[in-house]
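Let me begin by presenting the structure, written as structure tokens, before commenting on it.
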Amino acid sequence: HLVEMVQASGVAVELEWDRIPLLEGVTELIQQGIVSSLYPQNVQAARFIRNQKEMCDRVNYPVLFDPQTSGGLLATIPSEQAAKCEQVLQELGYQQSCIIGQVISASSDVPPLRFF
């Protein structure tokens, strides 16, 4: 869904790998080689990751392409409102709500997603 968002908006994003929340137990499932049936199709989106070769060795890399966690988890808001939005969401009980990255200018010659 993130790829669709950035392509439709003509932007790119930088994401903080360690800030992406994971569901409990997901690391153990991935280590056992358990992925969703749509994983092979979804992993084709890896071509949109600028530093994909650097990221693909990370244990939880496959979760990026799991359709069970790819919908309804992302929102983009103006950066000056991000901290307040995060605070309000957490106060409402959404404890895993967090800022995971930022929108940046796109470049036509490089993929739009970058993790750091």
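The values are calculated or read from the model by the stated rules, or taken from the named source; none is laboratory data. Keep in mind it's a predicted model, so treat the numbers as computed, not measured. FYI the Cβ positions are ideal-geometry reconstructions off the backbone, even for glycines, and counts take in every protein chain you see. Just so you know, the surface numbers come from the protein's heavy atoms only, side chains and all, with ligands and any DNA or RNA stripped out. Shrake-Rupley method; radii C 1.70, N 1.55, O 1.52, S 1.80 Å.
Things worth noting here:
- Karplus-derived HN-Hα couplings along the stretch 19-33 (A = 6.51, B = -1.76, C = 1.60, θ = phi - 60°), whole Hz, x at Gly and Pro: 9, 6, x, 10, 5, 4, x, 5, 4, 5, 5, 5, 5, 8, x
- Carbon-plus-sulfur accessible fraction, the stretch 70-113 (probe radius 1.4 Å, protein heavy atoms only): 54%.
- Compactness of the chain is given as radius of gyration and Dmax, 14.7, 41 Å, from Cα positions.
- Residue-level accessible surface for VAL59, protein heavy atoms, 1.4 Å, Å²: 80
- Over the chain, dividing the summed -39,500 (n - 2.57) contributions of all DSSP H runs of at least 4 residues by the number of residues returns a 222 nm mean residue ellipticity of -7500 deg cm²/dmol.
- Local charge for LEU15 was computed over the other residues whose Cβ lies under 12 Å away, with Lys and Arg +1 and Asp and Glu -1, and equals 0.
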